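The values are calculated or read from the model by the stated rules, or taken from the named source; none is laboratory data. Bear in mind that the values here come from a model prediction, so they are computed numbers and not experimental data. No Cβ is skipped: glycine too gets one built from the backbone with ideal geometry, and neighbour counts run over all protein chains shown.
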Amino acid sequence: MRKYLVILFVLLSVTVFAQSPQKLGYVDSQIILTQLPEAIKAQSDLDALTNLWSNQLDSMTLSYQQLLADYQKQATAMTDEQKLTKQQELIAMEQNILGFRNQKFGQPNGAIYSKQEEIFAPVKMKIYAAIEAVAKGEGMQFVFDKSGDIILLYADAAYDITFKVLDNLKRGK
């Protein structure tokens, strides 16, 4: 829906300002994110956190599976009261695992998503500032991201400012 509104906005803008030539440009943010050192570091930090939480989740799951296997082996020799106690322990562990998974990886409120926003916010601001600087320097009215929600059916490479933005970012201007 958002992409249709943007496309409609561009079409209306082009129609309204048809008397003056419009200069459009586009970037591929995926290229920028894979080559910008700050973005690479941010992704590395996020990956490390994801791996840490995944390892904790794996450890919890392994403990649960071990306790379940032990219960299944010993169930025939247990009293009804012992069975009930072990079953409640298993249920508590399972709920703990599900809670941890939801807390860390649940969408959209999982900690990983808020951490991603926190880690990437300065990188995004720097990229947007560089895009604005290059666009103003090139006299462009609109710049699209061809790797995002906006779909470009055709793009003349002459209007690709991805590497100019990347150069601007690397030079620190």
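In the set (1) at pLDDT below 95; (2) farther than 30 Å from Val134 by Cβ; (3) in a helix (DSSP H, G or I); (4) not hydroxyl-bearing (Ser, Thr, Tyr), the condition left unmet by Leu33 is number (2). Taken over segment 39-71, the criterion of being acidic (Asp, Glu) and over 26 Å from Met93 (Cβ atoms) is satisfied by Asp45, Asp47.
I'd like the full set of residues that are under 16 Å from Pro37 (Cβ atoms), at pLDDT 85 or above and not β-branched (Val, Ile, Thr), limited to segment 130-173. Passing the criteria: Ala130, Phe163, Leu166, Asp167, Asn168, Leu169, Lys170, Arg171. Mind listing just one residue for me: the one in segment 83-125 that is aromatic (Phe, Trp, Tyr) and in contact with a helix residue (DSSP H, G or I) (Cβ under 8 Å, 6 or more places away or on another chain) and, of those, farthest from Ser63 (Cα to Cα)? It comes out as Phe120. Checked against the criterion of being surrounded by 10 or more Cβ atoms within 10 Å (Cβ to Cβ), among the hydrophobic types (A, V, I, L, M, F, W, C), within 20 Å of Tyr128 (Cα to Cα) and at pLDDT 90 or above, segment 3-14 has no qualifying residue.
In summary, helices (runs of 4 or more DSSP H) completely within segment 66-173 and bearing 2 or more residues that are over 17 Å from the mean Cα position of the chain (by Cα) and within 27 Å of Leu52 (Cα to Cα) occur at 80-105.
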